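Encoded as structure tokens, the structure appears first; notes follow it.
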Amino acid sequence: MLSRTADNLYWIARYMERAETAARLLEVGARIALLPSAQGYRNDWDSLLRASGNAAGYAAKYGAPAEKAIESWLFFDRDNPNSVASCITAARENGRIVRTALTGQVWDALNTAFQELRQLEARRASCELSRLTDWTMKQAAMVRGSIDATLLRNDGFNFLNIGYYLERGDSTARLMDVKYYVLLPQLEYVGSGLDNDQWSMLLRALGAHRAFHWAYGGEITAAKIAHFLILNPQSPRALITCVAGMANHLGRLAKYYGRETLAQPAVQDLLKMIETATVETIFDEGLHEFLTRFVGEAARLGAVIHDSYLSGDM
């Protein structure tokens with residue numbers, strides 16, 4: 001496969017997962033804003049900007065954080081390359097370029113998302129936030145489902161899944177960090193009803209509330225959620241699940257092409273970092289510090305994958 005084709009497939013997956021992340025960030029903000037407030041370090045909506053990595057771009061255009069402006073920035077604004085609108089448009093364009101490498105069902109899912117997005121943009125003033133976030137998650141699921149159901153398990157399928165897992169791991173870490181920004185560690189709030197309510201809202205926004213209770217039951221605590229979203233391989237969004245998924249598909253690529261690159265040992269190093277962690281060591285380091293370190297390591301892995309597979313003919 002040509003590296004440019006692999007790159008397009010990889011970014012279809014990353015952009016669709018990134019669109020879903022933007023929608024889930026908005027849902028986290030909307031849910032947490034309904035809770036009683038505590039005197040945290042930053043306000044709820046500012047926390048979304050910082051966790052998304054888009055605070056500087058927003059400030060340059062809109063200034064101080066405000067709910068409606070942030071909703072527009074994270075969903076519709078084309079000046080934000082990570083908005084839902086920008087990501088779905090970019091995913092569809094990447095799909096158009098490699099149309100012959102996709103099944104009809106995958107292309108239809110991408111194109112339908114783009115066409116419906118244009119309709120939403122035409123009547124954006126009347127769109128409720130809950131409808132926008134639900135629509136985005138549905139479109140992302142339809143694209144992912146069509147990929148899983150109809151594509152050959154070849155190198156293209158591996159590049160799509162590497163993109164999905166890398167982006168999902170990054171987004172899980174960022175969404176967890178929203179909780180950190182909303183309630184910066186203040187001992188009087190840790191373990192309180194407010195603290196646990198916010199963790200519960202985060203689980204619901206991730207679509208993981210029921211799965212969490214199946215796995216753990218009982219009271220929601222920061223330690224249980226950290227284990228579920230970082231260390232539990234049964235959790236589909238857990239960091240360990242995402243990194244193991246990348247390791248699997250990078251291993252399949254090495255077997256398919258008959259050689260390893262720097263990407264295979266790099267992903268194994270990241271997997272070892274997660275596998276050797278415990279809830280205790282994570283909280284000793286600091287949850288925010290651990291998540292920040294993971295996001296940085298994941299970005300470095302993405303650069304190695306690009307240099308190994310996506311920057312020249314394979």
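The values are calculated or read from the model by the stated rules, or taken from the named source; none is laboratory data. Note that the structure is a prediction, hence the values are computed from the model and not measured. Because the Cβ atoms are built from the backbone with ideal geometry, glycine has one as well, and the counts that use them run over all protein chains shown. To get the accessible areas, we keep the full protein, side chains included, count just its heavy atoms, and leave off ligands, DNA and RNA. Shrake-Rupley method; radii C 1.70, N 1.55, O 1.52, S 1.80 Å.
Restricting the search to the range 68-101, which residues are of a type outside the set (Lys, Arg), open to solvent by 20 Å² or more (accessible area, probe 1.4 Å) and outside any helix (DSSP H, G or I)? Asp79, Pro81, Asn82 - these are the residues of the range 68-101 that are of a type outside the set (Lys, Arg), open to solvent by 20 Å² or more (accessible area, probe 1.4 Å) and outside any helix (DSSP H, G or I).
Please find, among Ala266, Ala277, Ala226, the residue that is crowded, with 17+ Cβ neighbours inside 10 Å and not in a helix (DSSP H, G or I). Spell out the reasoning first.
On the way: Ala266 fails: not in a helix (DSSP H, G or I); Ala226 fails: not in a helix (DSSP H, G or I).
Among Ala266, Ala277, Ala226, only Ala277 is crowded, with 17+ Cβ neighbours inside 10 Å and not in a helix (DSSP H, G or I).
Being within 15 Å of Glu167 (Cα to Cα), in contact (Cβ under 8 Å) with a residue 12 or more places away in the chain and basic (Lys, Arg) is a property that Arg252 lacks. Taking first residues from the range 284-302 that are surrounded by 18 or more Cβ atoms within 10 Å (Cβ to Cβ) and partners that are aromatic (Phe, Trp, Tyr), the Cβ contacts under 7 Å between residues at least 6 apart in sequence or on separate chains come to Leu287/Tyr180.
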